[in-house]
1. Consider Lys151 against the criteria (1) at pLDDT 95 or above; (2) surrounded by 17 or more Cβ atoms within 10 Å (Cβ to Cβ): it satisfies all of them except one. Which criterion is unmet?
2. Can you tell me which residue within region 109-138, out of those that are among the basic types (Lys, Arg) and part of a loop (DSSP other than H, G, I, E, B), is surrounded by the most Cβ atoms within 10 Å (Cβ to Cβ)?
3. Whether any residue in region 118-132 is of a type outside the set (D, E, K, R) and more than 18 Å from Val160 (Cβ to Cβ) is what I want to check.
4. One residue is enough: does region 160-179 have a residue meeting the conditions basic (Lys, Arg), under 21 Å from Gly54 (Cβ atoms) and either over 17 Å from the mean Cα position of the chain (by Cα) or not in a strand (DSSP E or B) (or both)?
5. Listed residues Lys131, Lys83, Lys98; which is within 16 Å of Val70 (Cβ to Cβ), charged (D, E, K, R) and at pLDDT 95 or above?
6. If you take the residues of region 32-71 that are crowded, with 19+ Cβ neighbours inside 10 Å and among the hydrophobic types (A, V, I, L, M, F, W, C), which of them is modelled with the lowest pLDDT?
7. Only one of (1) under 21 Å from Thr31 (Cα atoms); (2) in a loop (DSSP other than H, G, I, E, B) fails for Ile155. Which number is that?
8. Can you report the number of residues in region 1-31 which are modelled with pLDDT of 85 or more and not in a strand (DSSP E or B)?
Amino acid sequence: MTKLKTAVVLTTALSAAALFAGDVQLDKSHTKVEFNVTHLTISDVTGRFDEFEGKGSFDEKTGVLSALDVKIKVKSINTNDEKRDDHLRSADFFDASKYSEITFVLTKPVTLVKGGTANLQGNLTMRGVTKPITLQMNYKGTVKDPWGNVKAGFILTGKVNRKDFGVSWSKNMDNGGAVVGDIVTINIAGEAAVK
């Protein structure tokens, strides 16, 4: 069994090449961390975080993911609208100057099966508030790329209520709805480079 480094976050396209057990490191150039929230009750806004890192511990032979630690830089939020992004960084939302990171830490080992799904239980910390959440992972397996690098792949999805974490700004509309919805959908997909 070869020891290699590969990482995950919320965060990867894989297929069995060589069994490994050890640390994993997220491949940021092939990973996206996105979110989606309702706007004006009639449409959705999709955004992303451009700066993040993730590491973990995974045994491919047993399929056990025993550790995962993801850190996201709040200031890197990007919804393709500079004015909106500045508002999201402000104290009305994430208060990025005071709470610079969003983190997810796995709290229970989970067994992954290639092509299957598994529930990742962990603690999400946002705006200084930590709460347990569950993310669903679709594990794609491992593969060796044309340059001989082993890659691991995954898709993570989940939903959180932003107000549970103190991200509570909104305004009421005439129809009784809110400018910004409470439920945020998390979508993380990527590759972890095996080192």
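1. Here Lys151 meets the rest and fails (1).
2. Only one residue tops the list, namely Arg127.
3. Of all residues in region 118-132, those of a type outside the set (D, E, K, R) come to 118-126, 128-130, 132.
Going one step further and asking which of them are more than 18 Å from Val160 (Cβ to Cβ), we end up with 118.
Yes, some residue in region 118-132 is of a type outside the set (D, E, K, R) and more than 18 Å from Val160 (Cβ to Cβ).
4. Taking region 160-179 as the starting set, the residues that turn out to be basic (Lys, Arg) are 162-163, 171.
Next cut, under 21 Å from Gly54 (Cβ atoms) only: none.
No: region 160-179 contains no residue that is basic (Lys, Arg), under 21 Å from Gly54 (Cβ atoms) and either over 17 Å from the mean Cα position of the chain (by Cα) or not in a strand (DSSP E or B) (or both).
5. Working: Lys83 fails: within 16 Å of Val70 (Cβ to Cβ); Lys98 fails: within 16 Å of Val70 (Cβ to Cβ).
Matching residue, one of Lys131, Lys83, Lys98: Lys131.
6. My answer is Phe58.
7. Among (1) under 21 Å from Thr31 (Cα atoms); (2) in a loop (DSSP other than H, G, I, E, B), Ile155 violates only (2).
8. Filtering region 1-31 down to residues modelled with pLDDT of 85 or more leaves 25-31.
Going one step further and asking which of them are not in a strand (DSSP E or B), we end up with none.
The qualifying residues number 0.
The values are calculated or read from the model by the stated rules, or taken from the named source; none is laboratory data. Keep in mind it's a predicted model, so treat the numbers as computed, not measured. Counting neighbours? That spans all protein chains shown, and the Cβs are built from the backbone with ideal geometry, glycine included.
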